[in-house]
Amino acid sequence: MDDVLVERVLRAVELVPRGRVVSYGDLAALVGTGPRQVGSIMRVYGSNVTWWRVTNASGDLPSHLRQAAFIEWAVEGIEVKPNALGCRIRDHRADLEALAAAWEAAVADLG
C-alpha cells in the first residue's frame with residue numbers, strides 16, 4: 001500500500017471533530033482515492049486513530065466494531081439509530097468544507 005496515501009487518510013481521520021462522523025466515501029473524495037481503499041487502509045492501519053468516526057454511507061459500522069464504537073460515541077454525543085447499526089449520518093456528519101481546509105493544511109508537508 002502506498003505509504004503517502006495511508007498517511008493522507010489517517011491524517012484526515014484525525015481531523016474529524018469530536019462528535020462528528022464521515023463516511024469512507026467522504027474521506028475518499030477528500031484524499032483522491034476510492035472508498036474501498038479507505039476501508040482497506042482503516043482495516044490495516046486505523047486502530048491508532050479515531051476510527052469510530054468513520055462509517056459507511058448510511059452511518060453504519062461493521063458488526064465487529066459497533067460495541068467499542070458505541071462507547072466512544074456515547075462519550076462524544078453521537079446517537080445510535082434505533083436499528084443499532086450506526087448513527088444517522090445526516091445528523092452527525094462533519095462539515096466537509098471545514099474538514100477539507102484543515103486537511104489541506106495538515107498534508108502540506110507530504111507534497
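The values are calculated or read from the model by the stated rules, or taken from the named source; none is laboratory data. If you're wondering where the values come from, they're calculated on a predicted model, not measured in any experiment. Virtual Cβ from ideal backbone geometry, glycine too; neighbours counted across all protein chains shown. All accessible areas refer to the heavy atoms of the entire protein, side chains included, with ligands and DNA or RNA removed. Shrake-Rupley method; radii C 1.70, N 1.55, O 1.52, S 1.80 Å.
Report yes if some residue within the stretch 26-36 is modelled with pLDDT of 95 or more, farther than 25 Å from D91 by Cβ and open to solvent by less than 30 Å² (accessible area, probe 1.4 Å); otherwise report no.
Taking every residue of the stretch 26-36 in turn, at least one turns out to be modelled with pLDDT of 95 or more, farther than 25 Å from D91 by Cβ and open to solvent by less than 30 Å² (accessible area, probe 1.4 Å).
Considering the stretch 1-25 alone, what residues qualify as being part of a helix (DSSP H, G or I) and either open to solvent by 70 Å² or more (accessible area, probe 1.4 Å) or more than 22 Å from E76 (Cβ to Cβ) (or both)?
D3, V4, L5, V6, E7, R8, E14
Could you list, in sequence order, all residues of the stretch 54-77 that are open to solvent by 20 Å² or more (accessible area, probe 1.4 Å), within 20 Å of R36 (Cα to Cα) and of a type outside the set (G, A, S)?
N56, D60, P62, H64, L65, R66
State whether one or more residues within the stretch 92-102 are more than 16 Å from G25 (Cα to Cα), free of Cβ contacts under 8 Å to residues at least 24 places away in the same chain, among the acidic types (D, E) and open to solvent by 50 Å² or more (accessible area, probe 1.4 Å).
no
What's the total number of residues in the stretch 79-111 that are at pLDDT 95 or above, within 18 Å of A12 (Cβ to Cβ) and in a loop (DSSP other than H, G, I, E, B)?
2
On the basis of being open to solvent by less than 30 Å² (accessible area, probe 1.4 Å) and of a type in the set (A, V, I, L, M), does V80 make the cut?
So V80 does not fit the description; no.
Test A94 against the stated conditions and say whether it is under 10 Å from V21 (Cα atoms) and small (G, A, S).
Criteria met by A94.
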